[in-house]
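A short worksheet on the structure shown next.
No value in this document is a laboratory result; all are computed from the given coordinates. Quantities reported herein were computed from a predicted structural model and do not represent experimental measurements. Counting neighbours? That spans all protein chains shown, and the Cβs are built from the backbone with ideal geometry, glycine included.
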Amino acid sequence: MRQDLGLSARQAAEGVAGLTALAAGLGLTCRLEPARPVNSFDAHRLLHAAVERGLGDQVGERLLRAYTGEEAHLADHRTLADLAGEAGFPAEAARALLRGREHAGAVRADGAEARRRGVSGVPSFVIADGDVVSGAQSPQALLEELRLAWRRATAIVLIGHPVRAVVDGRELSFCDPTGLKTLLKARAAAAGVSFPLCHVRGLRRVPTITGLDAAFPDSPLTGPRSHEKETVPQR
């Protein structure tokens, strides 16, 4: 941390202490002082294999927990295989993978993509295939980045192209005033964009109460009943 961020010994110690306290407040164990910085190339190969088996989140979580709280050596093949086994990835399959070079090309490609984007540390967030947001960010900061990405995307697609932003409400069974306010804000922000709602049987009574049908004239808010087929607006 001192070398990468140019911190003094005191600043680095305070940073580690702050992370430890923050993790403890969330019920997590974080002990970075004894953590071993190692070559994680094989750990990333293992993660690629785990993703293929639908176990990417489980294996990734186990490796991170072992590194940040258990002093695990993540370049050691036996350690990696054992940790993968604890996460549901067959340990013998992990050992066989680590003996070979499977997924090496994919890991190198990931590294090349990270360098192309200017990623130099963790965490880093790439939003809507745009700029990289580096470092730990507050929820509000990330929300602002998401809003900015939405505004950029909307501006790009609106230039000379008619657009439809379809809101799918098939899982919606209830919408309170906050939800209605959010819908109306989104409609206002999408000026010039066709903004139909589809599969909105949960809003069946809303138009007559709030006048929402006037705000969404291209939506089937008063369309077919539950026994009738509802069509999705064409994009």
Which members of region 111-127 meet the condition of being touching a residue at least 12 places away in the same chain (Cβ under 8 Å), under 22 Å from Pro139 (Cα atoms) and among the small types (Gly, Ala, Ser)?
Ser120, Gly121
So for region 29-44 (the condition being exposed (fewer than 14 other Cβ atoms within 10 Å of the Cβ) and small (Gly, Ala, Ser)), does at least one residue qualify?
no
Filter result (touching a residue at least 12 places away in the same chain (Cβ under 8 Å) and in a helix (DSSP H, G or I)) within region 24-44:
Phe41, Asp42, Ala43, His44
